[in-house]
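The values are calculated or read from the model by the stated rules, or taken from the named source; none is laboratory data. Since this is a predicted model, take the numbers as computed values, not measurements. Heads up, the Cβs are rebuilt from the backbone with ideal geometry, glycines too, and the neighbour counts pull from every protein chain shown. Areas reflect the complete protein model, heavy atoms only, side chains present, ligands, DNA and RNA absent. Shrake-Rupley method; radii C 1.70, N 1.55, O 1.52, S 1.80 Å.
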Amino acid sequence: SAVISQKPSRDICQRGTSLTIQCQVDSQVTMMFWYRQQPGQSLTLIATANQGSEATYESGFVIDKFPISRPNLTFSTLTVSNMSPEDSSIYLCSVSRDSGNTIYFGEGSWLTVV
Amino acid sequence: AQSVTQPDIHITVSEGASLELRCNYSYGATPYLFWYVQSPGQGLQLLLKYFSGDTLVQGIKGFEAEFKRSQSSFNLRKPSVHWSDAAEYFCAVRVNSGNTPLVFGKGTRLSVIA
């Protein structure tokens, strides 16, 4: 099974600041997915990150607010920029393997913006 | 685009009673189907998944789900609920080809009473 390590696991951030979340996978994967889970809500896809190309963002999410890097096949970062209390959420990294038959999630990065 | 509907926001059952959580999907073909559980303050845990074959799928913790193509449903069941099953349950789908992300339903919160 794939092991996904996310950092930080939790953080309390000041409004107006930016925070970068790291996602490290123990093996090479083509696609990495970033999700947001706001308090009491379901998971919403932010973007899909393919190594070597720009991330593809879902409706309602923009690169200026959530820049993503994907420098290699095992690593990605998501930055939450100019944070406001509305950005308080769990941010999860996800990957698929075995031709998409198996999907793995990181433990999530729990952000609180004050 | 595919979508997932979980019509029940909150369900309360007595310990030892049976449970059925509903999930309907909208997609032109049969997608890959998943059920996840999230306990308070915890990450996502995969309960079971359906790709093809036998329409009754067994999962962990005594859960099962039945895929019904005619109803576009993938309902989760458990014959006897334990207090530790109290959690948020998410149904998710993905297209059955390539590296595509999961689309989640809004979730059903399960409460278990003595």
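Here are the numbers:
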read-out: Residue count, the range B:58-77 (criterion: part of a strand (DSSP E or B) and under 11 Å from the mean Cα position of the chain (by Cα)); value: 9
read-out: Where B:S111 falls short, out of the listed (1) small (G, A, S); (2) part of a loop (DSSP other than H, G, I, E, B); (3) farther than 24 Å from A:N101 by Cα; value: (2)
read-out: Selected residue (only one of A:S9, A:S18 is open to solvent by 70 Å² or more (accessible area, probe 1.4 Å), within 14 Å of chain B (Cβ to nearest Cβ), at negative phi and within 15 Å of the chain's Cα centre (by Cα)); value: A:S9
read-out: Residue ID - farthest from B:S39 (Cα to Cα), chosen from residues in the range B:81-103 that are over 11 Å from the mean Cα position of the chain (by Cα), at pLDDT 95 or above and open to solvent by 30 Å² or more (accessible area, probe 1.4 Å); value: B:H82
read-out: Of all residues in the range B:11-24 being more than 23 Å from B:K68 (Cα to Cα) and in a strand (DSSP E or B), the one that is most open to solvent (accessible area, probe 1.4 Å); value: B:T12
read-out: Test: residue in the range B:25-42 that is within 10 Å of the chain's Cα centre (by Cα) and open to solvent by 80 Å² or more (accessible area, probe 1.4 Å); value: no
read-out: Any hit, the range A:33-53, residues being in contact with a Ser or Thr (Cβ under 6 Å, 6 or more places away or on another chain), farther than 28 Å from B:V37 by Cβ and not acidic (D, E); value: no
read-out: Considering residues of the range B:81-103 that are within 18 Å of B:L19 (Cα to Cα) and in a loop (DSSP other than H, G, I, E, B) only, the residue farthest from the other protein chains (Cβ to nearest Cβ); value: B:H82
read-out: Options B:K106, B:K78: the member that is within 11 Å of another protein chain (Cβ to nearest Cβ) and either open to solvent by 50 Å² or more (accessible area, probe 1.4 Å) or touching a residue at least 24 places away in the same chain (Cβ under 8 Å) (or both); value: B:K106
read-out: Test for A:G100: is it over 15 Å from A:D26 (Cα atoms) and modelled with pLDDT under 95; value: yes
read-out: Complete set of residues in the range A:21-52 that are of a type outside the set (A, V, I, L, M), more than 13 Å from every other protein chain (Cβ to nearest Cβ) and open to solvent by less than 70 Å² (accessible area, probe 1.4 Å); value: A:C23, A:S27
read-out: Criterion violated by A:Y35 - all others in (1) at pLDDT below 95; (2) within 30 Å of B:Q6 (Cα to Cα); (3) not acidic (D, E) satisfied; value: (1)
read-out: Scope the range A:64-114; condition surrounded by 14 or more Cβ atoms within 10 Å (Cβ to Cβ), more than 9 Å from chain B (Cβ to nearest Cβ), within 14 Å of A:P39 (Cα to Cα) and over 9 Å from the mean Cα position of the chain (by Cα); matching residues; value: A:D87, A:S88, A:S89, A:L111, A:T112, A:V113
read-out: Subset of the range A:53-63 (residues that are open to solvent by 50 Å² or more (accessible area, probe 1.4 Å) and hydrophobic (A, V, I, L, M, F, W, C)); value: A:V62, A:I63
read-out: Residue count, the range B:45-58 (criterion: open to solvent by less than 30 Å² (accessible area, probe 1.4 Å) and in contact (Cβ under 8 Å) with a residue 12 or more places away in the chain); value: 3
